[in-house]
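Visitor: One structure, pasted below without further comment.
The values are calculated or read from the model by the stated rules, or taken from the named source; none is laboratory data. This structure is a prediction, so every number in the text was calculated from the model and none was measured. Cβ placement follows ideal geometry from the backbone for every residue including glycine, while neighbour counts extend to all protein chains displayed.
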Amino acid sequence: MNFLEERICKDGIVKEGNVLKVDSFLNHQLDIALLERMGEEFARRFAGAKIDKILTIEASGIGIACVAARYFSVPVVFAKKARSINIEGEMYIAEVESFTHKCKNQVIVSKKFLSPGEHVLIIDDFLANGCALQGLISIVSQAGAQVEGIGIAIEKGFQSGGRTIRNLGYRLESIAIVDGMDAATGEILFRGQEV
């Protein structure tokens, strides 16, 4: 069991509807020491890959992406879920559906922050159905840039997202892959564990 799996077992809460609450350390309150270990792990897993930018989506991926970016010495770009007066000029736009929020959003990235030929590492906190990742991949493609890899903190291996992204040929590295959860008992089964 790795460090993130141990933390999920200690502080994660399984809810009905395949929801795993990790808000006490990952996506509401942030444990910076844990994020530091995740950044180090992504740096280890993607060592040797050419990375010019890290791309994530607001809001929960930003903390992890920022810590990881320190190891690659590159900037972080995050796709915004709402247009604001601060975003000017041309934009890349993709539609994504949120598993957690059960809604569709357009996400946008200003064209001045992603350029043709750049090598991009996508980082996010969760992977469930893969819609957010597919939106980010679309934005990288629209920019004429290249996805060098995708780093995920927690993948729900029992949902289709990871399989879909891997079948598209992308290198996907998840620190923790949950293969099953039981809301009644609170039990969490990680990939590679014995039943």
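Visitor: Working only within segment 9-58, note down all residues that are among the hydrophobic types (A, V, I, L, M, F, W, C), assigned to a helix (DSSP H, G or I) and under 26 Å from ILE137 (Cβ atoms).
Guide: LEU35, MET38, PHE42, ALA43 - these are the residues of segment 9-58 that are among the hydrophobic types (A, V, I, L, M, F, W, C), assigned to a helix (DSSP H, G or I) and under 26 Å from ILE137 (Cβ atoms).
Visitor: Within segment 131-146, can you find the residues that are buried (at least 22 other Cβ atoms within 10 Å of the Cβ) and of a type in the set (Val, Ile, Thr)?
Guide: Those that are buried (at least 22 other Cβ atoms within 10 Å of the Cβ) and of a type in the set (Val, Ile, Thr): ILE139, VAL140.
Visitor: A further question on this structure: So which residues in segment 48-75 are more than 15 Å from the chain's Cα centre (by Cα), of a type outside the set (S, T, N, Q) and either more than 16 Å from LEU172 (Cβ to Cβ) or surrounded by 19 or more Cβ atoms within 10 Å (Cβ to Cβ) (or both)?
Guide: Within segment 48-75, GLY48, LYS50, ILE51, ASP52, ARG70, TYR71, PHE72, VAL74, PRO75 qualify.
Visitor: On to the next question. Name the pairs whose Cβ atoms lie under 6 Å apart, with the first residue in segment 22-36 and free of Cβ contacts under 8 Å to residues at least 40 places away in the same chain, the second part of a loop (DSSP other than H, G, I, E, B) and charged (D, E, K, R), and 6 or more positions between them or separate chains?
Guide: Cβ pairs passing all conditions: PHE25/ASP31.
Visitor: Does ILE8 satisfy being surrounded by 14 or more Cβ atoms within 10 Å (Cβ to Cβ), modelled with pLDDT of 95 or more and touching an Asp or Glu at 6+ places or on another chain (Cβ under 9 Å)?
Guide: Numbers: surrounded by 14 or more Cβ atoms within 10 Å (Cβ to Cβ): yes; modelled with pLDDT of 95 or more: yes; touching an Asp or Glu at 6+ places or on another chain (Cβ under 9 Å): no.
No.
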